[in-house]
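Taking it in order: structure first as structure tokens, then the write-up.
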Amino acid sequence: MCEVKIVRATSCDSAIAEAITQLLAQLTPTPHHFTERELSEVISDPSSALFLLWEGCKVVGMLTVGAYLSPTGRKLWIEDVVVDSAARGKGYGKRLVEHAIEYARTFSPCTLMLTSNPARIAANELYRASGFQQKNTNVYRFPIQ
């Protein structure tokens, strides 16, 4: 059986960037080629933590936690949660979310948040089962190019 581990990304590697590209293709319909330069930027940003889920020598999942401080307290956001379709059903999403929660505890007190498309039924069930409470709010997006 392959070893399964979650590791914070700390080094740039074209294979990791390509694995992230493949995962992003399963997360969003908008194609994005994730480059080594982007990987380097994420890794070097002190407010971001990119966690990779490895199954043996292959990246099969990821999530990012971003942190910031505001007048209403420290906030952390979980972003870009995805498990490779071939590796789903093994509890890897749950492991990633639990890992993010434990990471967030190191910033306590804080609020850990995320958004999830309602169409992602399994993901939403996972978040509720993990203790996240649905917040009645609107999310607005303003892309700046």
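The values are calculated or read from the model by the stated rules, or taken from the named source; none is laboratory data. Here the structure is a predicted model, which is why all the values come from computation and not from measurement. Glycine also receives a Cβ, built like all others from the backbone with ideal geometry; neighbour counts cover every protein chain displayed. The accessibility values were calculated without ligands, DNA or RNA, using every heavy atom of the protein model including side chains. Shrake-Rupley method; radii C 1.70, N 1.55, O 1.52, S 1.80 Å.
Annotations for the structure displayed:
- Considering only residues in region 92-115 that are more than 14 Å from Leu53 (Cβ to Cβ) and of a type in the set (Ser, Thr, Tyr), the one that is surrounded by the most Cβ atoms within 10 Å (Cβ to Cβ) turns out to be Thr111.
- Selection within region 1-12 - at pLDDT below 95 and under 17 Å from Thr64 (Cβ atoms): Ser11, Cys12
- Candidates in region 1-23 are the residues that are open to solvent by 70 Å² or more (accessible area, probe 1.4 Å) and free of Cβ contacts under 8 Å to residues at least 60 places away in the same chain; of these, the one that is farthest from the chain's Cα centre (by Cα) is Met1.
- Val139 being closer than 21 Å to Ile20 by Cβ and either open to solvent by 90 Å² or more (accessible area, probe 1.4 Å) or in contact with a Phe, Trp or Tyr (Cβ under 6 Å, 6 or more places away or on another chain) (or both): no
One line per residue, one yes/no per condition, for (1) buried (at least 18 other Cβ atoms within 10 Å of the Cβ); (2) modelled with pLDDT of 95 or more:
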{"position": "Ala25", "(1), (2)": "no, yes"}
{"position": "Ser47", "(1), (2)": "no, yes"}
{"position": "Leu53", "(1), (2)": "yes, yes"}
{"position": "Lys75", "(1), (2)": "no, yes"}
{"position": "Lys90", "(1), (2)": "no, yes"}
{"position": "Asn117", "(1), (2)": "no, no"}
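- Qualifying residue in region 121-129 (condition: modelled with pLDDT of 95 or more, assigned to a loop (DSSP other than H, G, I, E, B) and touching a Lys or Arg at 6+ places or on another chain (Cβ under 9 Å)): no
Residue-by-condition table, conditions (1) closer than 17 Å to Thr28 by Cβ; (2) not polar (S, T, N, Q):
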residue: Cys57; (1), (2): no, yes
residue: Gly93; (1), (2): yes, yes
residue: Thr115; (1), (2): yes, no
residue: Arg128; (1), (2): no, yes
residue: Arg141; (1), (2): yes, yes
